[in-house]
Amino acid sequence: MSAISIAEHLRTYCKDVGLIQSDLFVAGEWRRALDAARFDVLDPADGTVLASVANASADDARTAIDAAHGALGAWSALTGHARGIVMRRWYDLIRQHAGDLAALISAEGGKPYAEAQGEVAYGASFVEWFAEEARRVDGDVLQSPRGDQRILVIRQPIGVCAAITPWNFPFAMITRKVAPALAAGCAIVVKPAEQTPLTALALAELARRAGVPAGVCNIVTADAQRSIEVGRVLTTDPRVHHVSFTGSTEVGRILLRQCASTVKKCAMELGGHAPFIVFDDADLDAAVAGALTGKYRNAGQACISPNRFFVQSGIYERFVAAVAEASTRLRVGRAFDDGVAIGPLIDSQALAKVQRHVDDATRQGATLAAGGKPVMGNFFEPTVLAGVTPAMQMFNEETFGPVIGIARFDTEEEVIAMANHAEYGLAGYLYTRDISRMWRVGEALEFGMLGINSSAISNEVAPFGGVKQSGMGREGSKYGIDEYLQMKYLCVGI
Ligand code: ADP
């Protein structure tokens with residue numbers, strides 16, 4: 001472990017200190033909260049205070065909506081091409097400051113620095129993609145059933161939008177929402193997670209430098225308690241027409257209920273409980289590599305993280321042995337230390353949940369093949385459990401930690417039934433070299449996204465989103481901008 005504090009690392013790695021902001025970004029200005037309240041941002045490794053940030057209230061949220069509402073007309077009146085040029089400048093600045101942004105992600109989220117740089121590249125790709133898509137928002141001319149009418153369909157920005165984002169991808173979850181909103185011609189208010197406001201504020205500073213007009217993108221930071229009141233304003237103010245949320249299913253349900261009062265369009269990217277299925281005919285090395293990268297990314301704190309491993313009997317022992325052996329070689333440590341693969345969990349509650357899942361599994365008969373306990377602070381060893389059964393807690397709740405729990409199965413029918421037995425349907429993974437099986441199982445699994453012989457499924461080109469209680473709407477891809485547009489039908493008499 002490093003003797004240098006994370007705050008010192010932040011100053012070393014984040015060379016442009018102008019990106020380290022701590023006030024609200026509203027109407028193109030840095031502002032204190034109206035009542036001057038602040039809250040602390042903590043280093044997840046040990047809970048030391050990293051920064052103190054403005055704590056927005058309901059009044060601040062309303063002020064941010066005022067700003068977005070005021071900016072909407074001029075921004076939406078620009079051509080898509082003109083908006084794309086501004087967004088492209090924002091993208092270029094993000095790329096130029098990739099190291100600075102990664103430092104902020106690592107400092108407040110604990111993500112290993114190299115992995116944080118990967119998140120910046122991933123998050124930036126949405127800004128680039130939607131800068132390009134801005135000029136491809138087209139309408140339609142439909143054939144009229146009457147000779148004396150013509151039918152046109154145009155697509156217009158939905159209006160003021162709100163985004164509520166999580167801490168586990170504090171950069172990419174914002175760009176994945178803000179970029180399509182801006183491309184479509186909308187203005188937006190973002191409420192980032194209380195654990196990771198600094199990354200969001202740096203992104204706003206770069207938007208300001210890129211020339212995103214005042215009020216088009218506003219950021220209101222708030223602690224856990226005030227996030228609830230800010231969230232209530234964002235989901236009930238009649239001037240907000242779209243709410244995009246990434247987070248837990250439990251909070252998603254609350255926000256959906258709140259949005260119902262003013263009938264807002266919602267995009268919800270909620271919990272996942274991904275199955276990772278390895279058939280006897282799989283390429284073992286590819287399956288092991290996919291399991292490790294899929295599961296240990298961000299210490300297992302990702303909604304598409306494989307959470308239930310099902311391995312067919314013929315390959316089971318070899319898979320368990322290989323995954324366990326590779327897991328013990330991974331280095332656990334602080335985000336800025338060299339060669340670190342696994343950083344801390346976000347807080348002590350997260351650590352307690354992981355420990356609870358491991359203890360429950362071993363108590364019910366699972367065997368530890370690697371790891372199994374905390375290292376220090378909020379760090380947990382990469383852990384492999386064999387002999388897990390669907391009755392255990394880890395197969396019924398997201399673990400959100402570096403734990404690979406493996407169950408054995410025999411038949412295709414059996415594993416499809418077990419995999420689909422979940423209220424969630426975000427991502428799933430399957431490894432097989434049988435092309436018929438790939439189609440059969442691929443079509444039978446009830447998930448919005450499937451990785452087939454690959455666990456690296458996220459990119460700006462593909463539609464990201466879930467089915468069942470994992471949510472609604474798709475982010476990224478050529479479909480992602482549709483969220484932020486509404487159709488208007490023009491019936492023209494001639
Ligand atoms: P996680 O379990 O990943 O922390 P949450 O769903 O609790 O996910 O939080 C995701 C985001 O939702 C964060 O920005 C958080 O502040 C916000 N949030 C949590 N509860 C509420 C709420 N009741 N109203 C509005 N926002 C909320």
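Only the coordinates and a few stated rules stand behind these numbers; no lab work does. Quantities reported herein were computed from a predicted structural model and do not represent experimental measurements. Positions of Cβ are backbone-derived with ideal geometry, glycine not excepted, and every protein chain shown enters the neighbour counts.
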Query - Using θ = phi - 60° and Karplus 6.51 cos²θ - 1.76 cosθ + 1.60, couplings along region 136-153 (whole Hz; Gly, Pro as x) - result: 10, 8, 10, x, 8, 10, 9, 6, 7, x, 10, x, 9, 9, 10, 10, 10, 10
Query raised in the report: Under a no-solvent Debye model with one identical scatterer per Cα of region 375-454, what's log10 I(q)/I(0) at q = 0.21, 0.24 Å⁻¹?
Result: -1.12, -1.34
Query raised in the report: Taking the simple approach of a point 7 Å from Cα along Cα-to-Cβ for both E229 and Q486, what is their distance in nm?
Result: 3.0
Report summary line: Using alpha carbon centers only, region 20-66 is separated from region 154-210 by a whole-angstrom value of 15
Report summary line: Descending packing, highest mean Cβ count within 10 Å first, for 174-184, 483-493 is 174-184, 483-493
Report summary line: About its Cα centre, region 177-290 carries a charge dipole, from +1 on Lys and Arg Cβ atoms and -1 on Asp and Glu Cβ atoms, whose size in debye to the nearest 20 is 960
Query - For region 426-494: rounded, prolate or oblate by the Cα gyration tensor [a/c cutoff 1.5] - result: prolate
Query - Ranked packing of 20-26, 158-164, most packed first, by mean Cβ within 10 Å - result: 158-164, 20-26
Query raised in the report: Under 17 Å Cα-Cα from K264, which aspartates and glutamates qualify once same-chain neighbours fewer than 8 residues away are excluded?
Result: D237, D482, E483
Query raised in the report: Given R₀ = 45 Å, FRET efficiency for D280-D35 by Cβ-Cβ distance, to 0.05?
Result: 0.10
Requested in this report: Output the pairs from K373/K468; K15/K177; K111/K478; K15/K478; K191/K373; K111/K177 with a Cα-Cα distance over 24 Å in this structure; if there are none, say none.
Outcome: K373/K468; K15/K177; K111/K478; K15/K478; K191/K373
Query raised in the report: How large is the Kirkwood hydrodynamic radius of region 196-285, in angstrom, based on all distinct alpha carbon pairs?
Result: 16.0
Report task. Let me know the shape class of region 327-394, please: from the alpha-carbon gyration tensor, a ≥ b ≥ c as square roots of the eigenvalues, rounded when a/c is under 1.5, otherwise prolate if a/b is greater than b/c, or oblate. Result -> oblate
Query raised in the report: Hey, if you drop one equal point scatterer on each alpha-carbon of region 359-494 and run the Debye formula without solvent, what base-10 log of I(q)/I(0) do you get at q = 0.11, 0.15, 0.19 Å⁻¹?
Result: -0.56, -0.92, -1.23
Report summary line: Taking placed amide H atoms and a strict 5 Å upper bound, the residues 5 or more places from A162 or on another chain that come that close are V189, H242, V243, S244
Report task. Would you please state the base-10 log of I(q)/I(0) at q = 0.15 1/Å for region 57-167, with intensities from the Debye formula using one equal scatterer on every alpha carbon? Result -> -0.91
Query raised in the report: With point charges of +1 on the Cβ of Lys and Arg and -1 on the Cβ of Asp and Glu, referenced to the Cα centre of region 334-460, which listed residue (G425, A370, A386) lies farthest in the positive direction of the dipole?
Result: A370
Query raised in the report: Want the number for A214 to A77: 0.36 nm per residue separation, take away the alpha-carbon distance, what's left?
Result: 47.8 nm
**Report entry** In order through region 328-342: 3J(HN,Hα) via Karplus (6.51 cos²θ - 1.76 cosθ + 1.60), integer Hz, x for Gly, Pro
**Finding:** 5, 8, 7, 8, 9, x, 6, 3, 9, 6, 5, x, 7, 9, 10
Report summary line: One finds, for S348 and V153 with R0 = 60 angstrom and r their Cβ-Cβ distance, a FRET efficiency to the nearest 0.05 of 0.70
Report task. Collect residues whose amide H, placed 1.01 Å from N in the peptide plane, falls under 5 Å from the amide H of L485; neighbours closer than 5 in sequence don't count. Result -> I158
Query - Between helix 284-296 and the chain: long-axis angle, C-alpha atoms, 0 to 90°, nearest 10 - result: 60
Requested in this report: Taking a cut-off of 18 Å between Cα atoms, list the aspartates and glutamates near K353, but don't count ones fewer than 8 places away on the same chain.
Outcome: D46, E250, E381, E397, E398
Report summary line: re the chain: pairs of Cα atoms spaced beyond 44 Å account for a percent value of 15
Requested in this report: Rounded, prolate or oblate: pick one for region 305-356, where a ≥ b ≥ c are the square roots of the eigenvalues of its C-alpha gyration tensor, a/c under 1.5 means rounded, and failing that, prolate if a/b is larger than b/c, else oblate.
Outcome: oblate
Report summary line: For the chain, longest principal axis from Cα atoms; helix 80-96 axis from its Cα atoms; angle between them, nearest 10 degrees, is 40
